[in-house]
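In what follows, a single structure is set out as structure tokens and then discussed.
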Amino acid sequence: MNLSYYNDAFDLKCGDIVFVEGKLEGLRGRVVDVAYNFKIKLYDYKRVISVSDTNVQGEFFFAGSHFVTFDRSTLPYEKVIAWFKSPATEDEIFVSGNDDCGFLLRDLSAMSISRATADRGHDYYTDNRIRYIFLDNTHVRAIVEGSRPYELACDYANGEIRNLVCDCFCSEPCKHKFAAMLQLRETLELIEKNYPAQLEATQYFAAVCKGTLLNFALDGKETGSIVL
């Protein structure tokens, strides 16, 4: 559906991805038209509250279902999460904890996850719902899209995963965690096979689902270029 919102904070253009207030707060929208000549009663209109930065510049490598970059400035987490979620409000205060339990990435059976949950997580993995994942030295963060975008974080060192948390707030290992670990394992295997020098040089990679990069960074753009 096309709906009208008042904007006095951003320099919007057609194709921009935005979040708005009101009944559709938290849902992603795309600008299809911008009008400058109007006279309205502000009471009748909700506002645009944020616009996502979808400008991406840098070098990407092929890694299975994802593109991967080894440059921290090319596709940082803060940019990508704004493609999926509106800015947090002041009353959204999160507290997290962990029991410091760990497991080897090569042996996900140590997650003590139920078979049914693991199967659903595997479906998420094969459906490419892990939209983005990065490793920076030992820190990992990921975005998994389900009924809403979920954020995950953990530590990874010497083949071991520790402190794995997901903001679905499930007390047991969830499908989002299992899916993200499958994607992390696959991406690391592809990088170690094809791009070991790049990872060794930077101790960093960010992997984005091919469809996600195309839908956000390229779709709606009327100018610009890409290099292959």
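The values are calculated or read from the model by the stated rules, or taken from the named source; none is laboratory data. Computed from a predicted model, the values in this text were never measured in an experiment. Note: ideal-geometry Cβ built from the backbone for every residue, glycine included; neighbour counts use all protein chains shown. In case anyone asks, the SASA skips ligands and DNA or RNA and just uses the protein heavy atoms, side chains included. Shrake-Rupley method; radii C 1.70, N 1.55, O 1.52, S 1.80 Å.
General remarks:
- Accessible surface of the range 91-220, 1.4 Å probe: 47 percent of it comes from carbon and sulfur atoms.
- Only helices enter this figure: runs of n ≥ 4 DSSP H residues, each worth -39500 (n - 2.57), summed and divided by the residues of the chain, yield -6500 deg cm²/dmol at 222 nm to the nearest 500.
- The residues of the chain present an accessible area of 61 Å² per residue when probed at 1.4 Å with all protein chains retained.
- Over the chain, relative contact order from alpha-carbon pairs under 8 Å, at least 6 apart, %: 22
- At least 20 Å along the helix axis (C-alpha) and Kyte average at least -1.0, DSSP helices within the chain: 175-194
- Net charge of Cβ neighbours under 15 Å - reference Arg120; Lys, Arg +1; Asp, Glu -1: -1
- Viscosity 1.567 mPa s, 4 °C: Kirkwood-radius Stokes-Einstein D of the range 147-228 over Cα pairs, µm²/s: 84
- Spatial separation of Cα centroids for the range 125-149 and the range 45-75, in angstrom: 13
- Ser114 versus Lys46: modelled label distance in nm, points set 7 Å from Cα along the beta carbon direction: 3.5
- Those lysines that a straight Cα-Cα span of less than 21 Å connects to Lys39, excepting residues fewer than 8 apart in one chain: Lys13
- Descending Cα extents along the principal axes, the chain, whole Å: 62, 42, 27
- Stokes-Einstein D in µm²/s, Kirkwood radius over Cα pairs - the range 1-86 at 20 °C with 1.002 mPa s viscosity: 144
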